[in-house]
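Please treat every number below as a calculation from the coordinates, not as lab data. If you're wondering where the values come from, they're calculated on a predicted model, not measured in any experiment. Neighbour counts are summed over all protein chains in view; Cβ atoms, including those assigned to glycine, are modelled from backbone coordinates with ideal geometry.
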Amino acid sequence: MADRAIFANGAVDPGLAGAIDQLPYGIAVFDKALTLVVSNATYSSGLGLPPSLLAPGTSLDEILLFMARRGDLGPGTPQVVADQRRRLITSEPTTLTQRSNMAGHQLEIHTALRPDGGLVISFSDVTDRARAEAALEQVNHTLEERVKDRTRALTLLNAELEKARAKADEANHEKTRFLAAASHDLLQPLNAARLYTSTLYERTRGTPAAELAASIDASLNAVEDIMSTLLDISRMDSGALKVTRTNIDIFDLLRKIEIEFQPLASEKDIQLRVVGASLIVRSDRMLLARVIQNLVSNAIKYTRPGGRVLVGCRRRGKSVRLDVIDTGIGIDRHQHQLIFTEFSRLEQGARIAPGLGLGLSIVQRILAALDHPMEIESVVGKGSRFSVTVPVIAGNRPAPAPIEPPARAAAQFDGLHVLCVDNERSILDAMSSLLENWGCDIRTATSLKEIAQLGMLEGWVPDLVLMDYHLDQTSGLDAIEWLKQIVGGHLPTILVTADRTPAVRQLAETRGTAVLNKPVKPAALRALLAQMSKQL
């Protein structure tokens with residue numbers, strides 16, 4: 001049907017030829033002998049063919065050879081190139097190629113075999129599209145180069161930032177190591193000074209000299225608080241604060257809090273009441289204790305003589321709320337956030353007690369690491385409640401016996417055999433003066449070697465050992481193990497150290513040894529001695 005539409009009695013239908021001329025595309029139709037039947041003007045101008053090659057009956061081979069000789073079909077021998085092109089377009093149902101014509105325009109040439117073996121060739125001018133594609137490719141290339149340049153710049157910047165971060169981390173670690181070393185060297189003489197002033201105070205009680213000794217001790221206590229706080233902040237800033245969650249007996253935790261703070265509360269004529277509970281919580285033992293210690297310390301500090309401080313807990317579903325409640329000066333609700341800012345102190349609090357305003361900042365940092373929320377309720381002039389919520393572990397411990405405050409008098413230490421080991425002779429002298437004043441029978445040594453050389457344990461067995469952690473030739477914990485083997489049986493021990501890291505405390509508790517931090521607070525030492533002497 002198509003052939004009959006094109007050929008009418010061997011001639012081209014004039015209507016069809018006119019329609020082809022109106023097309024914006026170049027088109028040529030060849031019969032099954034591959035001779036030209038009809039073409040339009042766009043075909044002629046687009047390919048740049050001479051009139052002799054546009055006449056009906058012109059063979060495809062002639063047209064291809066002309067174009068090959070002109071170089072339109074690529075490099076090579078014209079006849080060979082023309083034959084290759086003929087085989088390609090007559091062996092494939094359709095072909096699609098793109099090339100430039102003599103005017104430099106880009107042509108997209110399409111060939112299609114007809115059912116009777118004839119051929120249709122058409123092409124369109126895609127110069128504008130090609131230019132747009134080339135421009136787009138250039139833009140993409142430019143963008144890729146810009147992305148590569150930015151990537152290289154960012155890579156270099158990240159590398160520089162990483163170097164700077166590593167340098168800053170190293171500086172932080174160096175600062176922490178320096179502070180730890182410096183604090184140990186500073187805490188040693190501070191420890192001796194506090195022991196001496198405590199001894200002086202007790203020996204001169206009731207005289208003007210006692211007031212002077214108390215003032216010196218208060219100043220030394222302020223120095224200790226500042227150093228301890230700075231060390232804590234340094235560890236947190238350097239990333240040395242590690243959270244180790246364990247199951248914690250609330251009763252034991254609060255009992256230790258009472259033992260530590262009851263003497264301080266008594267000195268200020270403040271009633272400290274601690275209510276334990278048979279609950280097990282999940283948290284970091286050392287860090288949670290540090291939080292409660294800071295809260296109780298603040299409560300006592302900002303409560304006037306004759307006031308009360310209550311420490312207790314309440315079950316709240318799957319959690320327990322640890323409360324520290326006082327009848328102190330209180331905090332205006334608009335200033336609640338301010339009290340957690342470093343070096344920030346409220347005017348009324350600054351008048352009552354000295355300090356840097358760092359305690360609650362440390363509390364907030366620790367609680368953020370533990371993921372324990374805290375609530376504050378306070379009324380100015382009436383007191384405050386600080387509450388920390390901690391998850392509870394299913395199952396309770398056996399009901400504890402009531403907490404009894406350690407109130408053993410100094411005279412009750414009469415005859416208590418105490419062995420004190422420290423590599424600083426000044427600390428040994430100060431500790432000896434204090435304990436002798438309490439009635440203890442004390443022997444001192446700077447090392448295990450000195451104990452052996454002087455035969456200190458011959459005919460004399462210690463009831464309790466105060467051991468420094470950093471000895472010259474061994475650690476205090478290893479020295480304690482040696483003493484236990486020598487003495488045999490149960491030997492209560494207290495590790496006295498300026499190292500406040502959780503690792504040392506956990507190791508000591510694992511070995512059944514209590515820990516007392518330097519500088520030693522005489523009141524805390526007396527309370528711990530009273531507690532441990534009950535077990536003898």
*Sorted by packing (mean other beta-carbon atoms within 10 Å per residue), highest first, where do 318-329, 456-467 land?*
318-329, 456-467
*Check residue 515: other-chain or 5+ apart residues with amide H under 5 Å from its amide H, H built from backbone geometry?*
495
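Taking the Cα centre of segment 2-125 as the origin, how large is its charge dipole in debye, to the nearest 20, when only Lys and Arg (+1) and Asp and Glu (-1) carry charge on their Cβ atoms? The partial results should precede the final answer.
Numbers: 9 positive and 12 negative charges, 51 e Å.
About 240 debye.
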*Sort all Cα-Cα distances of segment 2-125 into consecutive 5 angstrom bins from zero, then give the percent of pairs in each bin up to the one containing the longest distance.*
2, 11, 21, 26, 23, 11, 5, 2, 0
*Taking the simple approach of a point 7 Å from Cα along Cα-to-Cβ for both residue 314 and residue 127, what is their distance in nm?*
8.9 nm
*So who's got an amide H within less than 5 Å of the one on residue 275, skipping anything under 5 residues away but keeping other chains? H placed 1.01 Å off N, in plane.*
311, 312
*trypsin sites (Lys or Arg not before Pro) lying in DSSP loop within segment 466-536, provided at most 15 other Cβ fall within 10 Å*: 511, 534
*Lys/Arg Cβ at +1, Asp/Glu Cβ at -1, dipole of segment 2-125 taken about the Cα centre: which of 66, 96, 50 is farthest positive-ward?*
66
*What list of ³J(HN,Hα) values in whole Hz, one per residue of segment 39-44 in order, does the Karplus curve 6.51 cos²θ - 1.76 cosθ + 1.60 (θ = phi - 60°) give from phi, with Gly and Pro shown as x?*
8, 10, 5, 4, 4, 5
_Backbone HN-Hα couplings from phi across segment 76-84 [Karplus 6.51/-1.76/1.60, Hz, Gly and Pro as x]_ = x, 5, x, 5, 5, 5, 5, 5, 4
*So how much slack lies between residue 138 and residue 103, counting 0.36 nm per residue of separation and subtracting their Cα-Cα distance, in nm?*
10.2 nm
